[in-house]
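One structure is given below, encoded as C-alpha cells.
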Amino acid sequence: MPSDEYILETQGLTKAFKGFVAVDRVDLQVRRGDIHALIGPNGAGKTTFFNLLTKFLQPTRGAIHYRGIDITRDTPARTARRGIVRSFQISAVFPHMTVLENVRAGLQRGLGTSFHFWKPGLSLHGLHERALQLLTEVDLQNFADELAANLPYGRKRALELATTLALEPDLMLLDEPTQGMGHEDVGRVTELIKKVSTGRTILMVEHNMKVVSSIADRITVLQRGAVIADGPYAEVSRDPQVVEAYMGAAAGAQAALQGAH
C-alpha cells in the first residue's frame with residue numbers, strides 16, 4: 001500500500017524488449033522533499049526507467065504510484081499535469097528568443113495558452129514579474145535580455161531549470177543535469193539544484209559522483225536493470241556490489257566512488 005511519506009513509488013516495475021529486460025522488477029521509493037539520485041553504469045536502465053515514469057514507455061509489468069494514486073497507465077500529458085516534470089520534456093531552449101521570453105513561454109504553457117501565438121505580446125505582460133522571479137532563482141536575472149543562443153552551456157542548463165520551474169512541478173526529474181559541463185559550471189548548477197529543491201522533490205540521473213555525494217539525500221544504484229543498492233551515499237559507496245559494478249564498467253570508477261567527498 002502506498003505511503004504518505006513517499007511522493008513516488010514503483011512496485012516490481014519491469015520493461016522487456018523482445019526478451020531483453022531493460023528494467024527488472026524495480027521497487028523505488030522517493031521520499032517527499034528529498035533529492036534522490038539514480039546512478040549506475042552505462043546500460044544500467046536509468047533512461048528506460050525515466051521513460052517509464054514519464055510514460056514515453058509503458059511497463060511490461062509492475063506499477064507506479066504518485067501521491068498514492070496509480071498512474072501506471074497515464075498518458076505523458078496527464079503525468080505532466082499531475083506535477084511530474086522531466087527537464088528535457090519542457091525545457092528545450094528557444095535559441096532566438098531572449099532568456100526572459102523563454103521562461104515566459106514556459107509560464108504561458110503552464111497556463112494552458114502555449115499555442116496562442118497570435119495573442120498580442122501585451123497579454124503576456126502579467127507573466128513578466130514571475131518570469132523575472134524565476135530567473136533570479138537560478139541566478140540569470142542579469143541575462144534576461146540576452147538571446148538564449150548566446151548563453152554559455154552552463155547558463156543554458158540554468159535556463160532549462162528555470163523553464164522547468166515555470167510549470168511548478170512537485171516532482172522534478174532531472175536527466176544528467178551536469179553532463180558535458182566544465183568544473184565551474186558543474187559547481188554552479190549543483191548549487192542551483194540544491195537551491196531550487198526547497199519545497200520540491202527531485203529525482204535525478206547523474207554520472208558525476210561528486211555531485212551525487214554533495215547533494216543527494218538518498219541514492220539508488222541500478223545494474224542491468226535491477227536495483228543492487230539503495231541508501232545514503234556513505235553506505236552505498238562502500239557496498240561491494242556497487243564497487244564491482246563500477247569497476248566492471250570503467251577503470252578508476254572505484255576512485256570516483258570513494259573520492260567524491
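Checked against (1) more than 16 Å from residue 201 (Cβ to Cβ); (2) out of contact with any Lys or Arg (no Cβ under 8 Å at 6 or more places or on another chain), residue 65 passes all but condition (1). Taken over the range 228-242, the criterion of being surrounded by 22 or more Cβ atoms within 10 Å (Cβ to Cβ) and either touching a Cys at 6+ places or on another chain (Cβ under 8 Å) or not in a loop (DSSP other than H, G, I, E, B) (or both) is satisfied by 236, 242. Tell me yes or no: at least one residue of the range 148-162 is of a type in the set (A, V, I, L, M) and at pLDDT below 90. Scanning the range 148-162 turns up no residue that is of a type in the set (A, V, I, L, M) and at pLDDT below 90. Within the range 91-119, restricting attention to residues that are under 29 Å from residue 46 (Cα atoms) and part of a loop (DSSP other than H, G, I, E, B), the residue that is modelled with the lowest pLDDT is 91. Against the list (1) at pLDDT 90 or above; (2) exposed (fewer than 12 other Cβ atoms within 10 Å of the Cβ); (3) not polar (S, T, N, Q), the condition residue 132 fails is (2).
Within the range 44-68, residues that are β-branched (Val, Ile, Thr) have Cβ atoms under 6 Å from residues that are in a loop (DSSP other than H, G, I, E, B) in these pairs: 64/71; 64/72, counting only partners at least 6 apart in sequence or on another chain.
Within the option set 10, 72, 14, being at pLDDT 95 or above and farther than 26 Å from residue 212 by Cβ holds for one residue only, 72. Here the range 183-218 is the region considered, the condition is being in a helix (DSSP H, G or I) and among the polar types (S, T, N, Q), and the residue that is surrounded by the fewest Cβ atoms within 10 Å (Cβ to Cβ) is 214.
Search the range 158-182 for residues being part of a helix (DSSP H, G or I) and of a type in the set (Val, Ile, Thr), and hand back the single one that is farthest from residue 34 (Cα to Cα). Once the filter is applied, the top-ranked residue is 163.
Here residue 142 clears all of (1) part of a loop (DSSP other than H, G, I, E, B); (2) at pLDDT 95 or above except the condition numbered (1).
Is it the case, given these coordinates, that residue 227 is in the same structural domain as residue 8 (by TED's automatic domain parsing), at pLDDT below 95 and among the aliphatic types (A, V, I, L, M)? Answer is no for this residue.
The values are calculated or read from the model by the stated rules, or taken from the named source; none is laboratory data. Here the structure is a predicted model, which is why all the values come from computation and not from measurement. Virtual Cβ from ideal backbone geometry, glycine too; neighbours counted across all protein chains shown.
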